[in-house]
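None of the figures in this text is laboratory data; all of them are computed from the coordinates on show. Just so it is clear, the structure is predicted and the values come from calculations on it, not from any experiment. Heads up, the Cβs are rebuilt from the backbone with ideal geometry, glycines too, and the neighbour counts pull from every protein chain shown.
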Amino acid sequence: MSWPVKAILASTILLAAPACGFHPLYAGGPEGLAGSRLSAIAVEPVVDTSIDNQEEQADPLRQSDKVLTGKAHESRLGQLLQDGLLRSLGHATAPRYRLKITINQSLAAFGIRKDESFTRLRLGLLAHYTLVDAETGSTLTSGEAFSDLGIDRVQSEYATLTAERNANQRNVTKLVDAITARLSLYLHDQPASP
């Protein structure tokens, strides 16, 4: 196909896109519709339900990541997720919405050897989120986001621990992106408030 034909085809598509109702989600940046609504979300501390499951295992490498605050269990992964969402959504000065999140981490060993050691570890992170109206307390939307990554277990315990923490950080980044995108779509489709 020659370049004039490609140019005509591309311009036709660009001109037809607005006619079909297509418009950018993040148009206007932080002051746009999606940005202004996202910045009205207050992110609550993330509750980690996997802490209860890991207590039985008593893994000394993860003991420092666990903190009990009041009735809610917080973890380093929960703090990373909350911080990532605050960076993505902004800090709500006058919140119209509250975002509640519960996470659960799963660990699965693969490549089991005869001595029952393993050579591969799969780290999964599941987040259940609920967007709540700050005034009424009613649930507006809820959903789940999941991410998992694999790491190799090597002889160096430090290298394995570092790989695990890097994988956890990447899982958190994926969850932040997924939750932000889903909330953006939900809030974008809501009618303007008076």
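Considering only 117, 140, 166, the residue lying farthest towards the positive end of the dipole of region 110-173 is 117, judged by Cα position with unit charges set on Cβ.
In this structure, the amide hydrogen of residue 134, modeled 1.01 Å from its nitrogen in the peptide plane, lies closer than 5 angstrom to those of 97, 98, counting only residues at least 5 positions away or on a different chain. Residue-wise HN-Hα couplings along region 81-89, as the Karplus relation 6.51 cos²θ - 1.76 cosθ + 1.60 with θ = phi - 60° gives them from phi, are 5, 4, 4, x, 5, 5, 5, 6, 8 Hz; Gly and Pro carry x. Relative contact order of region 101-179, taken over Cα pairs closer than 8 Å and 6 or more residues apart, is 26 percent. Note on residue 166 and residue 134: the extension gain reaches 8.1 nm, defined as 0.36 nm multiplied by sequence separation minus the Cα-Cα distance.
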